[in-house]
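Here's the structure, in structure tokens; my notes come after.
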Amino acid sequence: MALIGAHVSISGGLEKGFLRGEYLGCEAIQIFTKNQLQWRASPPTGAKCESFQKAWKESQIREVVVHASYLVNMASNTELQQRSINALVDEIVVASLLGIDYLVVHPGSHGGIGEKAGLKQISDSLVSILDRTDHTRVKILLETMAGQGTTLGYKLDHFQVILDELDRPDRLGLCLDTSHLFASGYDLSKKNQYQNFKRKVHTLIGLEKVFCWHFNDSKKDLGSMIDRHEHIGSGKLGLNPFSFILNDPQWDNIPCILETPKTGIGDEGNLALLRKLRGY
């Protein structure tokens, strides 16, 4: 079955994420390994890595996903590209030290140079990042985006271009975000639409390249290209897409991570609803 979880805080120490995840009954968690609005941070000491791994081993959490800094923009043709490359290399090294296999990252924004040029910048960035971290097993998961402004990754075709340019390396995959998919025009609200989307992923990317889902309802309409997350079932998607995903054997053991608002029903209410949709 799919693994249900949430993005949790590491305030007080990296290992605190497990306590918060267990309190919520998570089977998987997503964390930042540093302040998401900082470029660099000191890597964890050996003692901190041991504490993290011990807490993980003693918890019920089966999978951990890292989300990269929001500052990263691999599509830039300015000095920001190199800063982004360096930052992602650092984050991959930290994830590897902690024993985490998955790092989710936003592909980036082309900033006016055009989609074709921006996708080439992303591919070039990833070549450098993969080469500099080839001693690790950490997979880089490119996240599907809503399409605001000059953001790339709002079409599956973008990922096909990137993967083909890099000859589909084993350490590169996808994180599918339900709200972003909906905002960019992919409707999963009916079973036939969901199945059609899966076929498109299979054809363009390969279902085996999907290693994570982000679970968010959308405040905005289908195709709006506006990224606004809402509580599960309280937005424009409704409950069906989440039920389809959670009950699909294709996603067995795949983390399905909440990034819904912390206010209102919060993670507890959203997780309870997801358990009902999955059956337990």
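Once region 1-50 is narrowed to residues that are part of a helix (DSSP H, G or I) and of a type in the set (G, A, S), the residue that is farthest from L88 (Cα to Cα) is G21. Summed over region 229-272, residues that are in contact (Cβ under 8 Å) with a residue 24 or more places away in the chain, surrounded by fewer than 17 Cβ atoms within 10 Å (Cβ to Cβ) and either in contact with a Gly (Cβ under 8 Å, 6 or more places away or on another chain) or among the basic types (K, R) (or both) total 2.
Considering (1) of a type outside the set (A, V, I, L, M, F, W, C); (2) out of contact with any helix residue (DSSP H, G or I) (no Cβ under 7 Å at 6 or more places or on another chain); (3) assigned to a loop (DSSP other than H, G, I, E, B), the lone condition that K120 does not fulfil carries the number (3). Inside region 96-146, residues that are more than 16 Å from the chain's Cα centre (by Cα), within 25 Å of Y186 (Cα to Cα) and surrounded by 16 or more Cβ atoms within 10 Å (Cβ to Cβ) make up a count of 9. Residues of region 217-233 that are part of a loop (DSSP other than H, G, I, E, B) and touching a Lys or Arg at 6+ places or on another chain (Cβ under 9 Å): K219, K220, D221, L222, S224, I226, D227, R228.
Condition first: of a type outside the set (S, T, Y) and touching a His at 6+ places or on another chain (Cβ under 6 Å). Can you find one or more residues in region 238-249 that meet it?
First, pick out the residues of region 238-249 that are of a type outside the set (S, T, Y): 238-242, 244-249.
Filter once more, so that each one left must be touching a His at 6+ places or on another chain (Cβ under 6 Å): none.
No.
A quick yes/no check of all residues on (1) more than 17 Å from the chain's Cα centre (by Cα); (2) over 23 Å from H67 (Cα atoms); (3) at pLDDT below 95; (4) of a type in the set (A, V, I, L, M, F, W, C):
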| position | (1), (2), (3), (4) |
| --- | --- |
| W213 | no, no, no, yes |
| D221 | yes, yes, no, no |
| L246 | no, no, no, yes |
| N270 | yes, no, no, no |
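Scanning for something at pLDDT 95 or above, in a loop (DSSP other than H, G, I, E, B) and either aliphatic (A, V, I, L, M) or buried (at least 21 other Cβ atoms within 10 Å of the Cβ) (or both), does region 189-204 turn up at least one residue?
The answer is no; no qualifying residue exists.
The values are calculated or read from the model by the stated rules, or taken from the named source; none is laboratory data. Note that the coordinates shown come from a computational prediction; the quantities given were computed from them, not determined experimentally. With ideal geometry, Cβ positions are generated from the backbone for all residues, glycine too; neighbour counts draw on all protein chains shown.
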